[in-house]
Amino acid sequence: MAILIDHIGIAVRDIQQAARLYTEGLGLRLDYIEEVPSQGVRVGSLAVGESTIELLEPLGAEGPIADFLEKRGEGIHHICLLVDDIRAAMAALQAQGARLLQEKPARGAGGSLIAFVHPRSANGVLLELCQRSEPPSTKGAET
Ligand code: ZN
């Protein structure tokens, strides 16, 4: 049901500073930086094959990433698994007792659908599920 690791979100204080390790050290490219004011975060995206590393920098003192940095410092914030049917994945997780952070999938970037599994149900990991907007049948046609 889970297809691949879509992205790993890393909480950082400064995207440009954090990106240097990956760009200058490992030859990756900082493809874009996007602000998501509703989440109080700026996202720096580095493609690694079919997956990405998302560097998450808080826009201000408020929001989940600002809270995370204050409590735990920089580090891995969440892991996102791409699934082909997010509603089926959510139902299967709930059926085996996992706690989700929302009842219904929420809208993510680019029209995707996302949902989070509570870290208490995932061995301390904040797990995100993501279903891309394209139907699974067009997967091979992506460029
Ligand atoms: Zn994410």
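For this structure, a couple of remarks:
- Qualifying residue in region 126-133 (condition: at pLDDT below 95, over 19 Å from Val48 (Cα atoms) and aliphatic (A, V, I, L, M)): no
- Selected residue (criterion: nearest to the ligand (Cβ to nearest atom)) from residues of region 114-135 that are of a type in the set (S, T, N, Q) and surrounded by 14 or more Cβ atoms within 10 Å (Cβ to Cβ): Gln131
- Of all residues making up region 51-96, the number that are among the hydrophobic types (A, V, I, L, M, F, W, C) and without any contact (Cβ under 8 Å) to a residue 24 or more places away in the chain: 3
- Test: residue in region 18-35 that is at pLDDT 95 or above, under 22 Å from Val83 (Cα atoms) and buried (at least 18 other Cβ atoms within 10 Å of the Cβ): no
- Flag for Gln39 being more than 21 Å from Met1 (Cβ to Cβ), within 13 Å of the chain's Cα centre (by Cα) and surrounded by 14 or more Cβ atoms within 10 Å (Cβ to Cβ): yes
- Members of region 1-29 found to be hydrophobic (A, V, I, L, M, F, W, C) and over 22 Å from Gly60 (Cα atoms), listed by number: Met1, Ala2, Ile3, Leu4, Ile5, Leu21, Leu26, Leu28
- Subset of region 13-35 (residues that are in contact (Cβ under 8 Å) with a residue 24 or more places away in the chain, in contact with a strand residue (DSSP E or B) (Cβ under 6 Å, 6 or more places away or on another chain) and closer than 18 Å to Leu69 by Cβ): Ile15, Ala18, Ala19, Glu35
Here's the yes/no breakdown for (1) closer than 23 Å to Val12 by Cβ; (2) more than 15 Å from the ligand (Cβ to nearest atom):
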{"position": "Ser38", "(1), (2)": "yes, no"}
{"position": "Ser51", "(1), (2)": "yes, no"}
{"position": "Ala61", "(1), (2)": "yes, yes"}
{"position": "Ile65", "(1), (2)": "yes, no"}
{"position": "Asp84", "(1), (2)": "no, yes"}
{"position": "Gly97", "(1), (2)": "no, yes"}
{"position": "Ser112", "(1), (2)": "yes, no"}
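- Flag if Gly73 is out of contact with any Phe, Trp or Tyr (no Cβ under 9 Å at 6 or more places or on another chain), on the phi > 0 side of the Ramachandran plot and surrounded by 13 or more Cβ atoms within 10 Å (Cβ to Cβ): no
- Options Leu46, Leu93, Leu101; residue that is away from the ligand (no atom under 16 Å from the Cβ), of a type outside the set (Gly, Ala, Ser) and surrounded by 13 or more Cβ atoms within 10 Å (Cβ to Cβ): Leu93
The values are calculated or read from the model by the stated rules, or taken from the named source; none is laboratory data. Values in this document were obtained by computation on a predicted structure and should not be read as measured data. A quick note on method: Cβ atoms are made from the backbone with ideal geometry, for glycine too, and the neighbour counts reach across all protein chains shown.
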